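Values in this text are rule-based calculations from the coordinates and carry no lab data. Because the structure is predicted, anything quoted here is derived from the model rather than measured. Note: ideal-geometry Cβ built from the backbone for every residue, glycine included; neighbour counts use all protein chains shown.
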Amino acid sequence: MIKLMDIAADTFASEVLDSATPVVVEFYTQTCKFCKRFEPVVESLADKYEGKVRFRRIDAAQNREIAVQYDIFGVPTTLIFRNGEVVERISGFVPEEELARKIDGVLE
């Protein structure tokens, strides 16, 4: 299973905004129990979409400027970017199938 790559404010632009491929970004915190439960779901999808979609995660508490910029008020929050723009926003824990549908919609 693919381990999610952690990014920070200083790598956000190069890893997400400048990506030619869609990017799924999970905003989380170290103390969030729902984030820990959601991580295997996102990792499973990272395996499924390998080569089609990039998966990254960013600690909202450690990177507040990015969290504020994207109106992250709770975690986990998942944003899907295409061409540097947010095209989907998912708040909270969702089943793998629901997140996969959102990703599929971005790929169409």
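Taking Val94 as the residue in question, decide whether it is out of contact with any strand residue (DSSP E or B) (no Cβ under 7 Å at 6 or more places or on another chain), farther than 12 Å from Glu26 by Cβ, surrounded by fewer than 17 Cβ atoms within 10 Å (Cβ to Cβ) and among the β-branched types (Val, Ile, Thr). Here the answer is no, as Val94 does not meet what is asked.
Suppose we keep only residues that are among the hydrophobic types (A, V, I, L, M, F, W, C) and outside any strand (DSSP E or B) within the stretch 83-98. Which one would you say is nearest to Phe38 (Cα to Cα)? If you could, list the steps in order and put the result at the bottom.
If we filter the stretch 83-98 for residues that are among the hydrophobic types (A, V, I, L, M, F, W, C), which is where we start, we get 86-87, 90, 93-94.
After this cut, where a residue has to be outside any strand (DSSP E or B) as well, the list is 93-94.
Numbers: Phe93: 6, Val94: 8 Å.
Only one residue tops the list, namely Phe93.
Among the residues of the stretch 1-38, those identified as of a type in the set (A, V, I, L, M) and either without any contact (Cβ under 8 Å) to a residue 12 or more places away in the chain or within 24 Å of Glu85 (Cβ to Cβ) (or both) are Leu4, Met5, Ile7, Ala8, Ala9, Ala13, Val16, Leu17, Ala20, Val23, Val24, Val25. In the set Ile80, Ile103, only one residue is under 12 Å from the mean Cα position of the chain (by Cα) and not in a strand (DSSP E or B); that residue is Ile103. Residue-level check: of (1) in a strand (DSSP E or B); (2) closer than 21 Å to Glu97 by Cα; (3) among the charged types (D, E, K, R), Asp6 misses just (2). Among residues of the stretch 52-72 that are surrounded by fewer than 20 Cβ atoms within 10 Å (Cβ to Cβ), those with a Cβ under 9 angstrom from a residue that is part of a strand (DSSP E or B) and of a type in the set (Lys, Arg), sequence gap 6+ or separate chain, pair up as Tyr70/Arg89; Asp71/Arg89. Evaluating Glu43 against the criteria (1) loosely packed, with under 12 Cβ neighbours inside 10 Å; (2) charged (D, E, K, R); (3) assigned to a helix (DSSP H, G or I) leaves one unmet condition, (1).
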